[in-house]
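Below is one structure; the comments refer to it alone.
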Amino acid sequence: MTELSNGSASLDQEPFYLPVADEVELFTAAYNQRLPILLKGPTGCGKTRFVEYMAYRLFRGECADARQKALEYPLQTIACHEDLSATDLVGRFLLQGDETLWQDGPLTRAVQDGSICYLDEIVEARKDSTVLIHALTDHRRILPIEKRGLILDAHSDFLLVISYNPGYQNVLKDLKTSTRQRFVAIDFDYPSEPAEAHIIEHESGIDASAAQQLALLGTKVRHLKQHGFDEGVSTRLLIYAAQMMVAGVRPHRACDVAVSRAVSDDPEVQEAMQAVVMAIFPETEH
């Protein structure tokens, strides 16, 4: 996959993704009906990779038509943050020499091209950004561009996908009911232990035995909720630990820097996680 700094992805190679439930079938059915999709799940559980995988299947796979396969960038990904404005999504006027030129934003490009637009962690965006997408999520499928006095009709292939992590929501950063009820929702969670081991092995190149140990570590750490954290370690961090081990870092130290210290700054939490690491990787380190 070739990804530009603006979030456009060419998807020239199929991203690796291991389905854990019926998410592929649900996403495909929603896309066929052009229903906007909300992905809900903890950080690092594979939501973004899943969207990349589905974009490849739908725009590069056997079922894609010639126009979809020819589309240079079938996926526009926007990492939402508190400064993300409607202008960042839609576009802005820029001065170039003596001219004032309009530059489309990633949402506008997706609407016009008929690609997938993915707003990652939508609750982090400003409220004006959230309101902007409402007209794209019902029968109208339009995008108003006030600065140009235009209303764009979404291309028939366009699909809007958003995600958020319910575990981190609070009073100030929650997805409003008026927004949430415009989407079909697909729940995500961490994969089963055998599936997670397979993912770790594939993504890092570590041997199967060590991958299984790391997957077990993930399971054990996620059961430590009483120690002050709700979600535990992400699959992403377990892959990081595996990559550190592949690079020659000993298991205890690799898990320390990629898991224990990454998940929490609380010394007691770190100590509890390292105790789990010691039980799973019992070799003595000198």
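The values are calculated or read from the model by the stated rules, or taken from the named source; none is laboratory data. What you see is a predicted model; the values in this text were computed from it and never measured. Cβ placement follows ideal geometry from the backbone for every residue including glycine, while neighbour counts extend to all protein chains displayed.
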**Item:** Cross-chain or 6+ apart pairs with Cβ under 7 Å, region 130-148 first and charged (D, E, K, R), then not in a helix (DSSP H, G or I)
**Value:** ASP138/ARG182; ARG141/ASP153; ARG141/ALA154; LYS147/PHE93; ARG148/TRP102
**Asked** When both residues are 6+ apart or on different chains and their Cβ atoms are under 8 Å apart, which pairs have a first residue that lies in region 251-275 and is outside the structural domain of SER234 (by TED's automatic domain parsing), and a second that is surrounded by 13 or more Cβ atoms within 10 Å (Cβ to Cβ) and at pLDDT below 90?
**Response** none
**Prompt:** Would region 149-161 turn up any residue that is buried (at least 17 other Cβ atoms within 10 Å of the Cβ), among the aromatic types (Phe, Trp, Tyr) and either modelled with pLDDT of 95 or more or not assigned by TED's automatic domain parsing to the domain that holds LEU238 (or both)?
**Reply:** yes
**Message:** I want to confirm something. Restricting to region 224-249 and keeping residues that are over 25 Å from LYS47 (Cα atoms) and modelled with pLDDT under 95, which single residue is surrounded by the most Cβ atoms within 10 Å (Cβ to Cβ)?
**Reply:** HIS227
**Complete:** Residue hits (region 162-196; at pLDDT 90 or above and either more than 16 Å from GLY41 (Cβ to Cβ) or among the basic types (Lys, Arg) (or both)) are GLN181, ARG182, GLU193, PRO194
**Asked** Taking region 122-139 only, how many residues are part of a loop (DSSP other than H, G, I, E, B) and surrounded by fewer than 20 Cβ atoms within 10 Å (Cβ to Cβ)?
**Response** 4
**Item:** One residue from ALA86, ALA79 being in contact with a Leu (Cβ under 8 Å, 6 or more places away or on another chain) and surrounded by 13 or more Cβ atoms within 10 Å (Cβ to Cβ)
**Value:** ALA86
